[in-house]
Every structure is written in structure tokens, then in C-alpha cells.
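Input: a single structure, listed below in C-alpha cells.
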Amino acid sequence: MNSPYEMTIDLNVLDHLGINLYSNVAAVLTEIVANAWDADATIVTIDYDYAKQQITITDNGIGMTIKDMNDKFLKVGYRRRVQETTTTARGRHVMGRKGLGKLSLFSIAESVRVQSIKNTERHGLKMAVSRIREAINGQQSRYVPDAIPADELDVSVGTKIILSELKKGRVPSTLVALRRRLARRFSVVGSKDFSVLIDGSPVTAADRDDIRAVEYIWHIGDENTDRTASAPNFKAQAILPNRLDGWDPAWVVSGWIGTAVKPKMLVDADNNNLNSIVLMAHGRLIQENILDNINDGRLYTKYLTGQLEADFLDFDSDDDIATSDRQRIQESDPRSAAMSAYLKVLLSKIEPQWAKWRREFGALEIAEEHPVIKEWFDSLDDSYREQAKSLLSKVNSLPIDDAEDRRMVLRDSIMAFERLKLRGTVHELINAVEIGADKLIPLIAQRDTLEASLYRDIIKSRIEVIRVFNKIVDDDEKEKALQQHLFDHMWLLDPTWERADGSELIESRLMQEGVVVDDLTEKESLGRVDIKYRTVLGTHIIVELKRAHRRMGILELQQQGMLYVDKLQKILAAQGLHGEKIEVVFVIGPPLVDEGYNHNRVANMLEAISPGSRIVHFDTLINGALKAYQAYIDSNKELDRIDKVVARLS
């Protein structure tokens, strides 16, 4: 049929598909290496001349005739898989598909020279971006490269490509960086029949530099590949399924996923981020990071790296799933959705295993560094040991390099765990009540032990207070120092004593009456002694404090005590309070003379002051309090155990 319409291709398409499509030399070299693979090359050499700013790529493949060069290499969009075969003479699956890869050369170089030899026919051409743009601006429909003179040809086998006048910012700063990036784009590089050499040194799987940081590895399928030799931090490995239920039998995935020791280890020397899972198809990169397809922001994803190979994404019978630059796959394709679903299943298995391994190995690392930690683990009940391992393994993974800081965090973590683990037994307690006494009794016994640990700091603090008070007494300091220390810590006299509401008002009245005098100078001029007043448990307590080494008589104490009781009774009566219980406690140093030979007389005179009045000696007070609290610590093995752990981590 005759039609008034026709479709034409403008050379301007080269701008979109080649000159401006690729952004770095690694992506461009990927296309050249893939072409060498398709040409059945066994060796590809890449040489970078810094002085000339020139990259030369040679291969020992089958080469091209002039006709091949025109019909295949220079023909944009030539599809070998459709127009020829999908496998090479060596049985390799062809990597090229769209026929656009050769255009990538212009994205990093202003000048491109190509030489090739096949069947003794040696020839070559040179192309320049400036000439292509002239053709584009002249609205021409074709571009004619210049032929290289025969005397300038030096290719002896396969194909040779020279890229010169390299564009700034698109060439890596070092060959090491180029080696890493190229190694990550091929799984076939380094195999027994395909080598890529950069400046004479072969690129290997180790150059990918991703497995260096890995400590846990998951192999996809029942693979025999030993990757641990390249993983100096390796600790554990596992096997994951290589397909999902319901998939076509031909859909199979291989490769590995790993987790790094620390996320910062997934940044290489060139500041490239390796926190990615590379996706390959038929030995070549098809997506730089399939993790981009997964919406998962949990902590473990920051540790992930790996490489998956899924040839079914590039089957010849299916549409091409790769984008034009062949660095990612089209998300709208059902195969892409299937791959994302598969990865989610893998990650759902990896995350809990990762957490478990981190607990186990993290705890072992700390135990090796601090043997006392192992003693602490062993002393814990089984129900808490896993939680303790989880806590300390997380502490161990914190980015703390200073050894003293790490010890401090470990010490504080143990203390916090011992104090707070009681809260974690609530659900166990409820379950135990439902199950029966055989489960409840051990839990209650454990609860008592755990609850005791909550008083550790209070008890140790009180022992220190007693020791300070003892020093004040031994130094025979004035009443003011004794008074301040004693009345700031009334539990020294009686652990049950506490100030009652309203006692401040009564105490102020006693001060107005001249009974309570805080100023020492005024006290001495009045001839009075210093006392303090408390109300506890419905009883009004008046405490009379004497200097530690001052010897007193019972008559003097009785006279002072009666004065205080009379004054207090009048103040209470004015408030409508009658018959209130009042006790006077005398805190003195040396024993009264009368106590040694007439104990009954002393008791009767104290009773005459007010029922319940008594004498407390400093030595008795100090020794009794110290003995009581020290005995509590000595009898509590849990507190002693924690003390030793913390002390040895200090």
C-alpha cells in the first residue's frame, strides 16, 4: 500500500542514547568488556595512560571485518540475539541486547579509535564527537567516520579501542577505584576462561571489596562456593532458598548476601557506598542496588551488602527488562515485582538470624575481652541470659573506639540491666500464676533477689555516711558538725524515723522559747545545748546532742530533758493537742558515771522525763548502724556478685 507517511531517525538520537547517557568510565568499560565477552575473548586488557589521558582496551576475540564493523558495530540498535544467535561459539550466553552500548564511548571521550582484525583483514576507524555534532547540526541522516591509515594499524588479534581526550570528572582518580567498580559489574570476571587485566594485573572477585567487611554470609541455594577465604571478619554462614514457591521452574537465583561488622566498613577508600545488593543477569550487572526496591528502614539494612544473579530477568524470549543505560531494571515489569518479593522473603529470614548471631558472637567477643562478663552471664538465670547477651552485643557494636569509654558503657549497662530486669518478669509472673506453684515459687524467689539489687546504692551510701560520722566523732568535732550530719541522716538513730507534716511549726515555736538554738555563740551565752525536734509515727521526738568526748551526769540530763518536755507540752496545748507522746533521746559520748553502778536509777530518771526517753552512745550508734547495713550486704550474694563485676570493669 502506498502511504504519505514515513518514520525517520535523526542523528540527534546519538545525543540521548550515547553522548549524554552514561556518567562514568566504569559504566562505559562495562559495555566494552561485554562486547569482548560476546566476541569469545578470553583476555581483555585495559591500560590507562595518565600523561596522555587515554584509555586503551584490547581483546583477543574473533574480531570484525569491515562488513561486520558497518553492519554490527556502527549500526545503532543492532540486535545480535535476534539477528544472529543467542550463544557464542564457546557456548557463552550473549550479553548485548539493545545494540546501544557502543554509543557509551562518546560519553567519556571526545575521540574514539577502533581497530580490528578477522580473517587476516585488518582495518580501523576514528570517530570524533565534534564531527558527530556537525552532522547533527547539519541535519544529516548519517555519520561517516574516518579510516585509519594502514601504517597506523597495530592490532594483531581481536579488537582494539582507544579512548582519548577524556572528559573531566568522568574518569576515576585511581586505577584501584576503576578495578573495584568494574569487578562489581561482572560475575564472570576472573573465571577460568575470561580475564580482564587493568595495567597488567587481573581483576578478581576480591577486587569487589564488599566481602572484606562481611562477618555473616547467607548463600543462595545449596552452593559449594567458599567465599569465606576473602572474608577476614567472617563468623557464621547459612543457606537461603534460591526461588519462591509458585515460580516457573526456570526462575532460579544464585549469589550471596552478607552483613558487615559495622556500617562504616561498607564505605571503600574512594568513598563509594557498598551498602547495596547488586543484581546480575547472565554474568553482567543489570541493577546496581536492588535494595532500592525495598521499603525497609530497619537497622539491619544498613549492614547489608551482596550480589544476586537472576538470569530469568534476561531471557531471550522475554522483553528486555533493562533500562537504556543497563544499570537498573524497569520496576513496572512483573519480573521486577517478583524479584522484589523474593528479596523481601530473604530479608525476613536474614534479620532474625542476624540479630541472633549478633547476640551470640557479640557476647563472646565481650567475654573474651573481659572474662568477668562471662562470669556475670553464667550467674544469670536462663530467662535473662539471652536478654543480657542482646544488650551487651548492641553495646559492643557501638562506634566507641576508646577502651576506657567502652568499659564505662559496659559497666553502666550491667548496672542498668540488674536494676531494670525486674520489670521484664511481669508477664512471666502472670503466666506462672496460671500454671501453678511449681513455676511461681522459683519466680518469686528470683524476684526477691532481683528486688534486693535495687537497694544496692542506698545501702552503700549509708555505710559511707556512717563512716564519715565515725570520723567526725573520732576527731571530737564541735556539736555543730555532729548535729548537721546526724540530723541530715536521722536513720542513724532509727531507720523508721521521718519528719511528719506540721513539725516545722512546732520546732519554730521551740526556737522562739529559746529551747532550740542554732547559733553556737548565742547557745553558749544562754548556757543552752543544741537539740533537734522530730515527729515520727505519732510520737514527738526531741534529740539532745552532746559533744563526743564530754562527760555528762544523769541529773544534768534530767533537768534539760524536763525543760524541753515542759516547753513542748505548752506549745502543743496551745494548738489544742493534749496528752501527746513525747520522747527525749540523749546522744552522748562517754558513759554516765551512774550507768556503771546504778543502772536502775538512770532508767527511772529517764522515765521521769517522759516515758520512752533514753540515752544513745556514739560508739553504740555507729557500730550498730554499721553492723546492721554491712551484715545486709554480706548476706546478700547477689549484691556482692554485681559489686565484683562492676569493680573489675572499673
>> For region 536-575, take N as its residue count and report Rg(C-alpha) divided by 2.2 N^0.38 Å.
In response: 1.42
>> Can you report the principal axis dimensions of region 545-618 using only the alpha carbons, biggest first, rounded to whole angstrom?
In response: 41, 25, 17
>> Step by step: find N for region 248-356, compute 2.2 N^0.38 Å, then divide the Cα radius of gyration by it. What's the final number?
In response: 1.09
> Going down the list 52/72; 167/264; 235/262; 581/627; 52/192, which pairs span over 23 Å between their C-alpha atoms?
Replying inline: 52/72; 167/264; 581/627; 52/192
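Take each of the peptides 610-620, 240-250, average the number of other beta-carbon atoms within 10 Å over its residues, and list them starting from the highest.
610-620, 240-250
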> Going through region 267-373, which trypsin sites (Lys or Arg not before Pro) have at most 14 other Cβ atoms within 10 Å and a DSSP loop state?
Replying inline: 298
>> Need one number for region 352-408: average projected area of the convex hull over its C-alpha atoms, nm².
In response: 4.0
> How big, in percent, is the set of alpha carbon pairs in region 164-264 lying more than 17 Å apart?
Replying inline: 64
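Every number here is computed from the coordinates shown, using simple stated rules; none is lab data. Model, not experiment: these values are computed from the prediction. FYI the Cβ positions are ideal-geometry reconstructions off the backbone, even for glycines, and counts take in every protein chain you see.
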